[in-house]
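Below is one structure, written out as structure tokens; the observations come after it.
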Amino acid sequence: MSVDRTAENPGADDGTARERLISSLETHGIAPKKRWGQNFLLDTAVAERIAVCAVPETVGSAWEIGPGLGAVTRFVIGRARRTVLFEIDWGIVRLLEAEFGDRSRVAVVPGDFLATFPSALAQGGVPDVVGSGLPDVVVGNLPYSAATAIVAAIVESGITPKRMVFMAQKEASDRFRATPNSKAYGSLSVLVQAGWKVKREFEIDSSAFYPRPNVRSELFSMTPTGRSPSYRVLSEITRVFFASRRKTIRNNTIRAGTVAGLPSEEFLAILHDSGVSPGLRAEAIDVETYLAVSDRVAQRANL
């Protein structure tokens with residue numbers, strides 16, 4: 001398998017693969033839905049590469065978000081003892097259950113992941129898969145409209161899979177791994193990088209999907225750094241600081257009135273003690289500094 005070239009230039013038989021995929025969709029009465037950003041992966045070599053990137057060695061439990069017709073799933077289930085598929089489209093849920101439902105170690109969870117994830121989290125896994133537990137790895141082809149919300153929900157939940165690998169719009173991927181003083185750097189960049197190392201893996205050509213998306217797609221990986229920030233405090237700080245990118249953090253803080261329950265004056269004093277100039281703008285502050293400030297605030301506010 002020519003890994004790099006396959007990812008960027010799908011094979012010559014992609015026309016046949018597209019015909020098979022369309023036939024499968026028609027057989028099951030499924031049509032791609034724009035509101036869910038459905039673009040089905042049809043390149044088998046790319047699907048395998050994604051699975052290998054996400055699950056480089058056998059793991060106990062894998063969660064896949066947005067499995068679609070199971071292109072990546074077919075490779076993941078061979079590398080995980082238990083696999084949970086989260087799928088929003090009921091038509092595709094029935095297809096997945098017909099394809100994989102007879103396997104005792106595979107479960108399909110229907111519904112919006114943002115709605116079903118809290119339940120799975122509260123139960124410490126998915127009851128339909130005995131001993132599934134929380135995931136060792138998470139992989140997903142994320143809908144472009146919900147990619148940031150899904151990743152943020154997982155990160156802020158505090159769970160730490162060994163590895164997470166997502167395919168998303170390149171613009172979203174850029175935001176997750178952006179550096180200070182760049183246009184893409186924002187509150188999401190800080191929240192994600194506070195506990196995770198984000199790495200670009202490879203770009204995927206639009207011809208690998210049906211229908212072809214009008215945006216560039218990219219695969220990126222996330223591995224835990226070992227840090228355990230207070231996401232509640234960090235989220236509040238970044239929300240205030242990035243409320244208006246053109247304003248200084250002093251102005252945004254005063255305008256907010258309170259930050260993480262602390263009066264603005266007290267919060268600005270913590271900034272001073274941390275060596276952070278209130279005259280800076282939010283995008284000029286690196287992740288390590290955000291972490292230091294959030295730790296001080298959490299201690300002061302007893303959060």
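The values are calculated or read from the model by the stated rules, or taken from the named source; none is laboratory data. Small disclaimer: the values here were computed from a predicted structure and weren't measured. Because the Cβ atoms are built from the backbone with ideal geometry, glycine has one as well, and the counts that use them run over all protein chains shown.
Only residues that are in a helix (DSSP H, G or I) and touching a residue at least 24 places away in the same chain (Cβ under 8 Å) were counted in the range 228-245, giving 10. Only one entry in Thr225, Thr258, Thr248 is of a type in the set (S, T, N, Q), free of Cβ contacts under 8 Å to residues at least 60 places away in the same chain, over 30 Å from Val72 (Cα atoms) and out of contact with any helix residue (DSSP H, G or I) (no Cβ under 7 Å at 6 or more places or on another chain), namely Thr248. If only residues of the range 22-70 that are touching a strand residue (DSSP E or B) at 6+ places or on another chain (Cβ under 9 Å) and among the β-branched types (Val, Ile, Thr) are counted, the one that is surrounded by the fewest Cβ atoms within 10 Å (Cβ to Cβ) is Thr58. Within the range 182-215, the set of residues being surrounded by fewer than 17 Cβ atoms within 10 Å (Cβ to Cβ) and assigned to a loop (DSSP other than H, G, I, E, B) comprises Ser182, Lys183, Ala184, Pro211, Arg212, Pro213, Asn214, Val215.
Residue-level check: of (1) part of a helix (DSSP H, G or I); (2) within 19 Å of the chain's Cα centre (by Cα); (3) farther than 23 Å from Phe209 by Cβ; (4) modelled with pLDDT of 90 or more, Val109 misses just (1).
Inspect all residues belonging to the range 216-223 and state whether any of them is assigned by TED's automatic domain parsing to the domain that holds Asp136, of a type in the set (Lys, Arg) and in a loop (DSSP other than H, G, I, E, B). Looking through the range 216-223, at least one residue is assigned by TED's automatic domain parsing to the domain that holds Asp136, of a type in the set (Lys, Arg) and in a loop (DSSP other than H, G, I, E, B). Please work out which one of (1) in contact with an Asp or Glu (Cβ under 9 Å, 6 or more places away or on another chain); (2) buried (at least 16 other Cβ atoms within 10 Å of the Cβ); (3) of a type outside the set (Asp, Glu); (4) outside any helix (DSSP H, G or I) is the condition Phe75 fails and give its number. With respect to (1) in contact with an Asp or Glu (Cβ under 9 Å, 6 or more places away or on another chain); (2) buried (at least 16 other Cβ atoms within 10 Å of the Cβ); (3) of a type outside the set (Asp, Glu); (4) outside any helix (DSSP H, G or I), Phe75 is out only on (4).
Gly140 - would you say it is closer than 27 Å to Ile22 by Cβ and outside any helix (DSSP H, G or I)? Yes: the conditions hold for Gly140. Pairing residues of the range 156-185 that are touching a residue at least 12 places away in the same chain (Cβ under 8 Å) and farther than 25 Å from Phe40 by Cβ with residues that are polar (S, T, N, Q) and crowded, with 18+ Cβ neighbours inside 10 Å, at Cβ distances under 7 Å and at least 6 apart in sequence or on separate chains, gives Glu156/Ser235.
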